[in-house]
1. How much of the DSSP bridge set in the chain is antiparallel, in percent, rounded to the nearest 5?
2. Compute the projected area of the convex hull of the Cα atoms of the chain, averaged over all viewing directions, and report it in nm² to one decimal place.
3. Can you give the FRET efficiency for ARG44 and ALA77, using 1/(1 + (r/R0)^6), R0 = 22 Å, r = Cβ-Cβ distance, to the nearest 0.05?
4. Before anything else, pin down the relative contact order of the stretch 109-230: Cα pairs under 8 Å, at least 6 apart, normalised by residue count, whole percent.
5. Using Cα-only point scatterers and the Debye equation, what is log10 of I(q)/I(0) for the stretch 1-71 at each q in 0.17, 0.21, 0.23 Å⁻¹, rounded to two decimals?
6. Using the Kirkwood radius over Cα pairs, work out the Stokes-Einstein diffusion coefficient for the stretch 94-199 at 10 °C and 1.306 mPa s, in µm²/s as a whole number.
7. Hey, which of these cross-link pairs are over 31 Å Cα-Cα: LYS109/LYS219; LYS55/LYS151; LYS31/LYS66; LYS31/LYS227; LYS152/LYS219; LYS109/LYS227?
8. Could I have the simple spin-label model distance between ASP203 and LYS55, label points 7 Å from Cα toward Cβ, reported in nm to one decimal?
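Read-outs throughout are calculated quantities, based only on the coordinates presented, and are distinct from any laboratory measurement. These figures come from a predicted structure and were not determined experimentally. Using ideal geometry, Cβ is built from the backbone for each residue, glycine included, and neighbour counts are taken over all protein chains shown.
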Amino acid sequence: MKPRISLIIPAHNEAAFLPACLTAAHRAAEKIDCSMEIIVVLNRCTDSTEEIALKNRCRIVREDAKNLSIIRNAGAAAAREEILVTCDADSRMHPDTFQEILRRLDSGKYVGGGALILPERWSLGIVASALAILPYLAFTGVSFGLFWCFKKDFDAIGGFDSRFVSVEDIDFAQRLKAHGRKSGRSWGTLIKSVLITSCRKFDQFGDWYLFRNPAFVRKVFRGNDRKAADHFWYDVRSD
């Protein structure tokens, strides 16, 4: 089979989540008539993440920066295939994800896109926290979670912007959407191929955390608050 897809997975001590992420990716790959490579970008790992990745036939890239833009860009730089897909290690893609991505990109109508994201569990606090960030997301016109596009378009916009230490995904999506508009291509969202994401942030901080801390939410959505980013992402797990 002709390889076409490079799946990029940033990973900082993801031994607890990576196996399920990779299992879902391999299951989705079984439904397409081309093969893929998986690139796991190791970031300051001290657990068995690397061993798990190698056991699952993944390529390894190392990048220790506390910056997801730099981490994801390192994976993209190592990618060999024409289509890039990014997925967080604590998320599980739908079995039809790759099939739907190929269908959309091959149509020539889409520059790329994201996916509908659902949490692995629900609570009143999670709903309240989701509503707390909704005003920041409502008018972006893009979707998130799992990004997909041609590598040539990723390179054309310079990938993820390393000036952002948070909400780099929103910035990337909006720039890719604007890039596609120049050639008459749209932003796409995988509605049926839902991405399931873990609730570990809620497990760590509490389901009501974002709702009860609006000042923190504002700092995160500014994109340049190093202390807020370290608190919620880069320094929160030291295992």
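1. On the way: 10 of 34 bridges.
Percent antiparallel among DSSP bridges in the chain is about 30.
2. Over every viewing direction, the Cα hull of the chain projects on average to 11.9 nm².
3. Values: r = 19 Å, r/R0 = 0.85.
The pair ARG44/ALA77 has a calculated efficiency of 0.75.
4. Working: 179 pairs, mean separation 53.0, N = 122.
Relative CO of the stretch 109-230 lands at 43 percent.
5. -0.61, -0.87, -1.00
6. Values: Rh = 14.7 Å.
The estimated diffusion coefficient comes to 108 µm²/s.
7. Values: LYS109/LYS219 36 Å; LYS55/LYS151 26 Å; LYS31/LYS66 35 Å; LYS31/LYS227 43 Å; LYS152/LYS219 33 Å; LYS109/LYS227 40 Å.
Over 31 Å Cα-Cα: LYS109/LYS219; LYS31/LYS66; LYS31/LYS227; LYS152/LYS219; LYS109/LYS227.
8. 1.8 nm
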